[in-house]
Amino acid sequence: MKTNGAVAAGHEETARAAQNVLEAGGTAFDAIIAAMWTACVVEPVLASLGGGGFLMARPAGQTPRLYDFFVETPLAKRPGESLEFESCMASFAGGVTQEFHGGYGAVATPGMVAGLFTVHGDLCQLPMGDLARSAHNLARDGVVIDDFQNYVMNIVAPLLGFCDETRAVYGASGASQPAGGVANDTAFRVASAGHLHCQPQLAASIADLVKNGAGSFYQGDIAQTLIAACRDDGGYITGDDLAAYRVLVRDPLLVSGRNGRFVLNPPPASGGVLAGFGLKLARGLDLGDFGDPRHLDAISEILKTTSVVRGEYGAAPSILGDEFCEGYRNLIGDRPLTQNGTTHISVVDQFGNLAAATLSNGSTSGRMIPGTGILLNNMLGEADLSPDGFHNWPCGVRMTSMMTPALYLGHDGMAVALGSGGSNRIRSTMMQVLLNLDVFGMSLEDAIAAPRMHFDDGLLSIEPGFDPAILDQLRLNEQHRWQESDMFFGGVHASALNAHGHNLMAAGDSRRNGHHFIVQ
């Protein structure tokens, strides 16, 4: 018997995998595991078995819990001159560029496979083979590259063209191939939209994992291949790193809103703390009506303040203290009013189970586990995750992340599972969408579609949709006004149900190719 439920995700096939599981009688947790497997096939830059992520889970009738299967820093370092660690520039629409680093020296210990199997063992009912079937078939038979995935692949084309193996998997037919070694990315073109993208090696790896479990990745044949590649070609990962990796289950952060409660990703992830700081500031301020002068001035100042606090204090939980927040709220309220690679999946079901998973492969390292089709992360090469400088990280610790899978639990019984991609824009994206739900009472679809802002490095980036005359009068006059909405501003995919579980809703963010299905 089918399970009524709702799913939203960043690719039609990702969402459809979850839909199929709900129709087969699986729960929201079964469905989200199927979607996570599938995202690693059809959203290869944004999710991978060589990456990591987080899953916020609220089993029906229980308290929420956060599964942390994000990447971990290696247990030991090696001399910098022996590392493969290359700079590459990614280019977004609007002229924005961001530096990433590729090579085996950028790869942190992956947690995605451990996360899939741990959540499955704790929360799921259906066999893993059933849940991985969609991903396996799409990798074996191929998935048509859509316009959005082609766009994302072009952003990180220098990384996808980093070496022979990635060029062969992600390159356009007829693209030149080097004789060996690191590729000349100027000669590389990614596969075009409409191309049937087949990944037979990845299909074989999925089949192997289903048969042999996570041990294949962390102790077995896949592990040994990764260890040898890092040892011989300039990476950090050793057998000790893989053997020591564990999924961590954490208590989430709880922040009160005006009409509900926010359930956020806790430390060491930074996104939930920073979003929570902004939400606490907003709770004591007059936000006016959406889009009016009071709203735009308050939100822009909250975004600026959050950025300043991040620079001074990082994401220490102490910034959520009432006295600390009050001091910064006063700085905003007392002033006169003037006139990178991430995807998300949300699933809810009729029983009241809520699941929100945010996944990332960084911007990819440009390296694969040889012969497996598994694209590796580049988290050690992401500036956002290395505030003290590259290679200066402490050994053997879970890396921080801006990813913020979250729940919104309204006082009226409405329950929403949501999250966003978008690198360091996640904190501002999530804060604004949650305020749209909690303060402005928007529908799920409107809360996600509404225009957003983001503040960083002294610049307020603004999506179209706000009144230019009001923007002219903001205190923050260093502005970049985008001409169209873009994935730069995140991509919130959300699912929801009412107090009795009868009214199911879902909305995918068009900024990041959002798709949704409702099963009832």
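The values are calculated or read from the model by the stated rules, or taken from the named source; none is laboratory data. Small disclaimer: the values here were computed from a predicted structure and weren't measured. So basically every Cβ, Gly included, is an ideal-geometry build from the backbone, and we count neighbours across all protein chains shown. These accessible areas exclude ligands, DNA and RNA; they are computed on the full protein's heavy atoms, side chains included. Shrake-Rupley method; radii C 1.70, N 1.55, O 1.52, S 1.80 Å.
Odds and ends about this structure:
- Check on Ser365, outside any helix (DSSP H, G or I), among the hydroxyl-bearing types (Ser, Thr, Tyr), under 23 Å from Glu84 (Cβ atoms) and under 14 Å from the mean Cα position of the chain (by Cα): no
- Taking segment 361-371 as the range and being farther than 14 Å from Gly235 by Cα and open to solvent by 10 Å² or more (accessible area, probe 1.4 Å) as the test, only Gly371 passes.
- Of all residues in segment 380-423 being under 16 Å from Leu264 (Cβ atoms) and polar (S, T, N, Q), the one that is most open to solvent (accessible area, probe 1.4 Å): Thr400
- In segment 453-490, residue farthest from Arg427 (Cα to Cα) [restricted to those that are open to solvent by less than 30 Å² (accessible area, probe 1.4 Å) and assigned to a strand (DSSP E or B)]: Phe466
- Subset of segment 126-171 that is among the small types (Gly, Ala, Ser) and in a helix (DSSP H, G or I) - its residue that is most open to solvent (accessible area, probe 1.4 Å): Ala168
- Pairs with Cβ under 7 Å, 6+ apart, first in segment 425-436 and over 16 Å from Val308 (Cβ atoms), second β-branched (Val, Ile, Thr) and assigned to a helix (DSSP H, G or I): Gln432/Ile299; Val433/Ile448
- Being part of a loop (DSSP other than H, G, I, E, B), modelled with pLDDT of 95 or more and touching a helix residue (DSSP H, G or I) at 6+ places or on another chain (Cβ under 8 Å) is a property that Met442 has.
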